[in-house]
Amino acid sequence: METTTTARRRCSYSSISSLLMATICVTLMIYPSHAQLNATFYATTCPNVSTIVRNVVQQALQTDARIGASLIRLHFHDCFVNGCDGSILLDNSGSIQSEKDAGPNTNSTRGFNVVDNIKTAVENSCPAVVSCADILALAAEASVSLSGGPSWNVLLGRRDSLSANQGGANTSIPSPFEGLSNITSKFSVVGLNITDLVALSGAHTFGRAQCRLFSNRLYNFGGTNNPDPTLNTSYSISLQQICPQNGSGFSVANLDPTTPDGFDNNYFSNLQNNQGLLQSDQELFSTTGAATVSIVNSFASSQAAFFQSFAQSMINMGNISPLTGSSGQIRSDCKKVNGS
Ligand code: HEM
């Protein structure tokens, strides 16, 4: 299928006279063509790209058990802002206001140095062909599978943006403090449904969160002078040890207290036990009447069902508005637009 730009160009040809052709042109302009990602995109230009990425992630995991979690989160925060286009990786420069300085990312997202190491390794084998956006998608899959989770065929062919959208990062990435309905809307805006929401939230089966992002639940929840009633009492006490009332807020707790670095379905049984760390996690199970509850229950009772849905939802997320064809560029340094 041709791209919107090509369609627009063709539509200007004077030979177009029939009503039918005009209708096709208008339709193509209103509905841009869908992503043309595929699993074999680098089969001839960089056949070992998945292995190269995986090896660097594996290496990084030796010294940082958290890095897989941090890398998949980068892909999520990339895809939710202008699509999966590597925009989160751009540093501040003349015309770029970095997404790294947006509220959800600042003092929070990590792993950029590992992305740079992956890029260097990939460039050494196949210069100037693999995008930074695709590196994030591949690193996410490697992180999950190396941690005991599912594997999937990553769809590839994304290109890198020429710009960042800091304002978009502030508004489009869900916050742990907003309610389930707002978060559901933010997923829906990018074409993801509630099964995607529940499955992808299962990524909180590994990694950490800072006290400042959940300590409102520990002492005086909503002005009650008590912890959040949907927080298990002994879990709440153990979290209070990590997050003292007048602490800095920058200490971290495991998102999954049972198996902190393993990718499994314990996240969902934690929710059933009122052991969701973030308010946004626990709401998936504790919101009366929500459609998410039965999905949590099904993933808690079947790791296979969770893994299958998770892999599919990662593909769905990875398909959000990629740049393809001749849009964007293949950055040679993920932090900078080429030539800047
Ligand atoms: C559903 C809405 C979501 C909300 C409100 C949310 C919120 C958060 C917050 C507040 C943190 C802790 C950040 C920090 O302490 O610096 C976090 C960490 C994390 N998030 Fe999410 N998240 C959501 C969805 C997702 C999705 C879709 C994924 C991936 C598919 C994901 C993967 C992760 C991972 C792996 C971590 C740990 C990162 C690390 O240890 O460096 N999250 N999330």
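Any read-out appearing in this document is the output of simple, stated calculations on the displayed coordinates, not a laboratory observation. For clarity, every value in this text was computed on a predicted model and none was experimentally measured. Glycine also receives a Cβ, built like all others from the backbone with ideal geometry; neighbour counts cover every protein chain displayed.
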TODO: Would you mind finding the one in SER181, SER238, SER215, SER188 that is away from the ligand (no atom under 16 Å from the Cβ) and either of a type outside the set (A, V, I, L, M) or out of contact with any His (no Cβ under 7 Å at 6 or more places or on another chain) (or both)?
DONE: SER238
TODO: Quick one: count up the residues across the range 158-178 that are outside any helix (DSSP H, G or I) and either under 14 Å from LYS335 (Cα atoms) or away from the ligand (no atom under 14 Å from the Cβ) (or both).
DONE: 8
- [ ] Output the residues belonging to the range 191-212 that are surrounded by fewer than 21 Cβ atoms within 10 Å (Cβ to Cβ) and either more than 16 Å from the ligand (Cβ to nearest atom) or in a loop (DSSP other than H, G, I, E, B) (or both).
- [x] GLY191, ASN193
TODO: Quick one: in the range 100-136, of everything that is farther than 19 Å from ALA69 by Cα and of a type in the set (D, E, K, R), which residue is surrounded by the most Cβ atoms within 10 Å (Cβ to Cβ)?
DONE: GLU123
Task: Checking LYS119 against (1) of a type outside the set (Asp, Glu); (2) within 16 Å of the ligand (Cβ to nearest atom); (3) assigned to a helix (DSSP H, G or I), the condition it does not meet - done: (2)
Task: Cβ pairs under 8 Å, 6+ apart, first in the range 250-263 and farther than 10 Å from GLN275 by Cβ, second aromatic (Phe, Trp, Tyr) and more than 10 Å from the ligand (Cβ to nearest atom) - done: LEU255/TYR267
Open item on the list: Residues that are within 29 Å of SER301 (Cα to Cα) and surrounded by fewer than 18 Cβ atoms within 10 Å (Cβ to Cβ): does the range 244-253 have at least one?
Closed with: yes
Task: Filtered residue count, the range 279-302, keeping only those that are surrounded by fewer than 19 Cβ atoms within 10 Å (Cβ to Cβ) and on the phi < 0 side of the Ramachandran plot - done: 10
